[in-house]
1. Taking amide H positions as placed in the peptide plane 1.01 Å from N, state which residues far from I288 in sequence (5 or more) or on other chains have amide H under 5 Å from it.
2. In what sequence, largest accessible area first, do E205, E21, E66 appear using a 1.4 Å probe?
3. Which residue, I288, L120, L162, has the largest displacement toward the positive end of the dipole of the chain when charges sit on each Cβ (Lys, Arg +1; Asp, Glu -1)?
4. Order I18, I269 by their accessible area, 1.4 angstrom probe, all chains in place, largest first.
5. Give me a comma-separated list of calculated 3J(HN,Hα) values for the stretch 259-275, in order, Karplus coefficients 6.51, -1.76, 1.60 applied at θ = phi - 60°, integers in Hz, x for any Gly or Pro.
6. Please calculate how many Å² of accessible area the chain carries per residue, with a 1.4 Å probe and no DNA, RNA or ligand atoms counted.
7. Quick check for me: using +1 on Lys/Arg Cβ and -1 on Asp/Glu Cβ, what's the dipole size of the chain about its Cα centre, in debye to the nearest 20?
8. To the nearest 20 Debye, how big is the dipole of the stretch 173-244 about its Cα centre, given +1 on the beta carbon of each Lys and Arg and -1 on that of each Asp and Glu?
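The values are calculated or read from the model by the stated rules, or taken from the named source; none is laboratory data. Treat the numbers as computed from the prediction; the structure is a model and nothing was measured. Heads up, the Cβs are rebuilt from the backbone with ideal geometry, glycines too, and the neighbour counts pull from every protein chain shown. Remember, those area values only see protein heavy atoms, side chains included, never the ligands or the DNA or RNA. Shrake-Rupley method; radii C 1.70, N 1.55, O 1.52, S 1.80 Å.
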Amino acid sequence: MGEEMQGVEGDTGWRKAIPEERDRMQSRVLVGVVGVLLALEIAVVLRQVHSLWGEQNVGEHILLAEIAGISLAFAGLVLSLRAATVGGALFGGMISFLLVNGTASSQYAVIRSGLAPLALLFVLTFLATRAGRRVKAEAGLAEKRHGRSSAQVIANLSIAGLAVSGLGFELVMRGEVCCGTPYYTMMLMCLAAMVEATADTVSSEIGQAFGGRPVMLLTLQRVDPGADGAVTLPGSLAGVTSGAFVAAVGMWALRLRPSEAAIALFAGICGLFFDSFLGATVERRGWIGNDLVNFISTLFAAALAAVVYRFLVF
């Protein structure tokens, strides 16, 4: 919440507490490290498919081809709508591939996978970003015309994709946080991360456009719109509502029980306010930038979902 952006339409002044060079360095490191992880996980999937190419797995091969096509189409759509830069669209397609591959089943249509909540996440955040754009532009808070950068896409979506990859499986097993099979733990981590990313973006965008002067989360004092760690009631309500929609669609798409979807929603909303806490503390002090805050918050939501599911038996 309270995501701060540079101005647009000629306003290039730096408005963040963190020094600009440090913020860029952190974003580059985030893209470099997580981008390599995404590429390696995709390589593992492709190698596994190649090793089974001569066997009777026609259905699996067709499913993978569908997933690859959907991911390319998603990247193309994002780019055509100027919702992201070329790099952002590329990483969005990579994350989509891992997300759908890790949640799809040959027993169901591809839409009944992580694709459904991902599509809803995109629609909700796209509309929220463009809502009240004139108001946000006048305040110097509107997103740039070319859309979200590689770092922003990775910060918001990479945890969801990695949670259902081979890396996510290894972490769940080694961390001994799974309850029963690791499948449901991974699904909950993935969904919680998407709930958090949706709620955070929607709350920031709606709050900046229609929330008036926000209050600081820790002190409840009035601050200027866009301040790190600031929240508004309309923004928070919009964020929680949008997160609930994503959780509901994810429950159907990922074949979860209502109690499991409730855990993902709870963890995602906790991540939403954890994001504001980080904004009001370490980001406001200029220690870390918004991209790193968003990445940590989605990671927090995913980890919290796994821990809660581990200790609550339904």
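1. E283
2. So the residues, ranked largest to smallest area, are E21, E66, E205.
3. Working it through, the farthest residue towards the positive pole turns out to be L120.
4. Solvent-accessible surface, decreasing: I269, I18.
5. Here the 3J(HN,Hα) series is 5, 6, 5, 5, 5, 4, 5, 4, 5, x, 5, 4, x, 4, 7, 5, 4 Hz.
6. Result: 44 Å² of accessible area for each residue.
7. That gives a dipole near 340 debye.
8. Charge dipole of the stretch 173-244: 100 debye, to the nearest 20.
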